[in-house]
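Note sheet for the following structure.
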Amino acid sequence: MKILVVGSGGREHAIAWRLAQDEERHEIFCAPGNAGTAAVATSIAVGAEDVAGVAKWARENGPDLVVVGPEAPLVKGLADELLSIGVPVFGPVAAGARMEGSKRFAKEVMDAAGVPTGRAETFTDAASAKAALARYGLPVVIKADGLAAGKGVVVAETREQAESAIDDMLVGNKFGAAGAEVLVEEFLDGEECSILAMTDGESVVLLPSSQDHKRVFDGDKGPNTGGMGAYSPAPVVTDAMLPEIKEKIVMPVVRELKRRGTTYRGILYAGLMITPEGGRVALSGSRINVVEFNARFGDPETEAVLPRLGGSFATALLHAATGCLRDEDIVVRPECAATVIVASAGYPGSYEKGKEITGLADAEAAGATVFHCGTKSDGGRTLTSGGRVLSVTGMGATLREAVDRAYAGVAKVSFDGMFYRRDIAHRAFERG
Ligand code: AMP
Ligand code: GLY
């Protein structure tokens, strides 16, 4: 198959890499790609958010499938554009991507579909939002409605924090239009996990569970990031929970979107909060609640989940894109996987770029797979070009083996100012 992967991060490298593992040989392109994707795909000089540019390339080159990595082009209507010229696309149309692009819309769909989630109200003026706080107790969660690069959520421990988050968004315009509406949301108690559900708009197949590490420092301290590591499977998700997640959470959303006229094709990523025995049960009455939906593969979850998939990945994606997804399209290998993000000093704040990365081949020789998140080629050298630079994945018969293999890889790579978390998968190990 001739396949275009849209995006330039670790997720897109993992997608292109996994396509290259298929038994059939594909012709893989990446727009725009990075220094890592270049090993498995041909980079094309079109930005991921350049909807017209991607469509033009697709018209001229006739790919069998386009796989869209990030949310921004989906929200901007890249899938709609490609479908209008007859190109199969893995990734939802804009009306479906609103599940990620608008938290208010996602809540409306969940309410209509009876899907358990934190109770929430939406406001455009600060005084009403603050008045609502009394109905929620503490902690309480304040969220910008729109896309805010993962930074638009404040879990407020005190009323003052909640009020200043409301003021930042509604008065100070901290997130611009994305924060022109805010949600005041019930705090959900428990442990988070990520379920990437593949769907063709009717059938749903869950990919293996995973867990992200959003905070920048060990012990889940410091500011939120795009994700500092992930592992799969996540033992917080028991096998007994999977039918409930599929039938009570993912399927009702897919059906509700269909009822509204939107056939959702791609990944519907459910960020879930699992409340343990003895934890505070949410107002929904369920122990499994949706924290958020995303309209795409998670990053870095993808770098831990895709290496666990067997079978033909291209066939699964094409079947989802063309409305004939079947359970057999997803084959899960028994090995565990863990991925560790190697980041630039200063991330998630400001950081320098252009540092030379060494030891990439040694990391692979140590048994790890290195996915590039923010890198670029410069002659024979590989330079940093982002906050998250590498996603180093290890596989193993046990999670411990997988984590050890990932860190053995991390130990081989080096660049000025690099840092990483040393406790990836700690929650799984704490369970014993
Ligand atoms: P989101 O961008 O919606 O994923 O939120 C970012 C992070 O904020 C989540 O990964 C959670 O850790 C936290 N969070 C969001 N909503 C809630 C909630 N209702 N209760 C507890 N934590 C939350
Ligand atoms: N890892 C979180 C996300 O992809 O949104």
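The values are calculated or read from the model by the stated rules, or taken from the named source; none is laboratory data. Being a predicted model, the structure only gives us computed values, none of them experimental. Cβ sites come from the backbone with ideal geometry, for glycine too, and all protein chains shown count toward neighbours. Quick note on the areas: whole protein, heavy atoms, side chains included, nothing else; ligands and nucleic acids left out. Shrake-Rupley method; radii C 1.70, N 1.55, O 1.52, S 1.80 Å.
Being closer than 28 Å to residue 91 by Cβ, within 13 Å of ligand 2 (Cβ to nearest atom) and of a type outside the set (Asp, Glu) is true for just one of 226, 179, 201. Which residue is that?
Step by step, each of 226, 179, 201 is checked, and only 226 is closer than 28 Å to residue 91 by Cβ, within 13 Å of ligand 2 (Cβ to nearest atom) and of a type outside the set (Asp, Glu).
Can you pull out every residue in the range 182-200 that is part of a loop (DSSP other than H, G, I, E, B) and within 14 Å of residue 141 (Cα to Cα)?
187, 188, 189
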Pick from 221, 258: which is open to solvent by 30 Å² or more (accessible area, probe 1.4 Å), modelled with pLDDT of 95 or more and within 16 Å of ligand 1 (Cβ to nearest atom)? 221
Do you know which residues across the range 228-245 are over 23 Å from residue 347 (Cβ atoms) and part of a strand (DSSP E or B)? 232
Matching residues, the range 76-105, being within 16 Å of ligand 1 (Cβ to nearest atom) and open to solvent by less than 60 Å² (accessible area, probe 1.4 Å): 97, 99, 100, 101, 102, 103, 105
Which members of the range 78-115 meet the condition of being part of a loop (DSSP other than H, G, I, E, B) and within 22 Å of the chain's Cα centre (by Cα)? 88, 91, 92, 93, 102, 115
Just the residues that are open to solvent by 40 Å² or more (accessible area, probe 1.4 Å), in contact with a Gly (Cβ under 9 Å, 6 or more places away or on another chain) and under 23 Å from residue 403 (Cα atoms), please, taken from the range 224-255. 224
Mind listing just one residue for me: the one in the range 211-221 that is touching a Lys or Arg at 6+ places or on another chain (Cβ under 9 Å) and within 16 Å of ligand 2 (Cβ to nearest atom) and, of those, farthest from residue 300 (Cα to Cα)? 220
Scan the range 113-136 and tell me whether some residue there is within 19 Å of residue 31 (Cα to Cα) and without any contact (Cβ under 8 Å) to a residue 12 or more places away in the chain. no
When only residues in the range 261-276 that are away from ligand 2 (no atom under 16 Å from the Cβ) and under 23 Å from residue 141 (Cβ atoms) count, which is surrounded by the most Cβ atoms within 10 Å (Cβ to Cβ)? 274
Of all residues being touching a strand residue (DSSP E or B) at 6+ places or on another chain (Cβ under 7 Å), open to solvent by 10 Å² or more (accessible area, probe 1.4 Å) and assigned to a loop (DSSP other than H, G, I, E, B) in the range 116-130, which is nearest to ligand 2 (Cβ to nearest atom)? Just the residue, please. 116
Could you figure out which of (1) crowded, with 19+ Cβ neighbours inside 10 Å; (2) within 25 Å of residue 30 (Cα to Cα) isn't true of residue 405? (2)
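Could you list, in sequence order, all residues of the range 198-218 that are aliphatic (A, V, I, L, M) and away from ligand 1 (no atom under 16 Å from the Cβ)?
198, 204, 205, 206, 207 - these are the residues of the range 198-218 that are aliphatic (A, V, I, L, M) and away from ligand 1 (no atom under 16 Å from the Cβ).
I need a count of the residues in the range 260-305 that are in a helix (DSSP H, G or I) and free of Cβ contacts under 8 Å to residues at least 60 places away in the same chain.
Total satisfying the criteria: 0.
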Among the residues of the range 238-278, write down those that are of a type in the set (A, V, I, L, M, F, W, C) and in contact with a helix residue (DSSP H, G or I) (Cβ under 8 Å, 6 or more places away or on another chain). 253, 257, 268, 270, 272, 274
Residues of the range 29-40 being open to solvent by 10 Å² or more (accessible area, probe 1.4 Å) and either in a loop (DSSP other than H, G, I, E, B) or closer than 17 Å to residue 318 by Cβ (or both), in sequence order, are 29, 33, 34, 35, 40
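Could you tell me whether the range 192-215 includes any residue that is open to solvent by 40 Å² or more (accessible area, probe 1.4 Å) and in contact with a Phe, Trp or Tyr (Cβ under 9 Å, 6 or more places away or on another chain)?
Step one: list which residues in the range 192-215 are open to solvent by 40 Å² or more (accessible area, probe 1.4 Å), which gives 192, 202-203, 214-215.
Now restrict to residues that are in contact with a Phe, Trp or Tyr (Cβ under 9 Å, 6 or more places away or on another chain): none.
So far as the range 192-215 goes, no, none of its residues is open to solvent by 40 Å² or more (accessible area, probe 1.4 Å) and in contact with a Phe, Trp or Tyr (Cβ under 9 Å, 6 or more places away or on another chain).
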So which of 147, 138, 133 is within 16 Å of ligand 2 (Cβ to nearest atom) and either within 30 Å of residue 280 (Cβ to Cβ) or surrounded by fewer than 21 Cβ atoms within 10 Å (Cβ to Cβ) (or both)? 147
Output the number of residues of the range 283-318 satisfying the condition of being open to solvent by 10 Å² or more (accessible area, probe 1.4 Å) and of a type in the set (Gly, Ala, Ser). 6
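How many of the residues making up the range 306-341 are of a type in the set (Val, Ile, Thr), outside any strand (DSSP E or B) and in contact with a Pro (Cβ under 8 Å, 6 or more places away or on another chain)?
Number of matching residues: 1.
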Could you please let me know if residue 172 is away from ligand 1 (no atom under 16 Å from the Cβ) and closer than 20 Å to residue 328 by Cα? no
Over 20 Å from residue 213 (Cα atoms), touching a strand residue (DSSP E or B) at 6+ places or on another chain (Cβ under 9 Å) and open to solvent by less than 30 Å² (accessible area, probe 1.4 Å): which single residue out of 329, 378 fits that description? 329
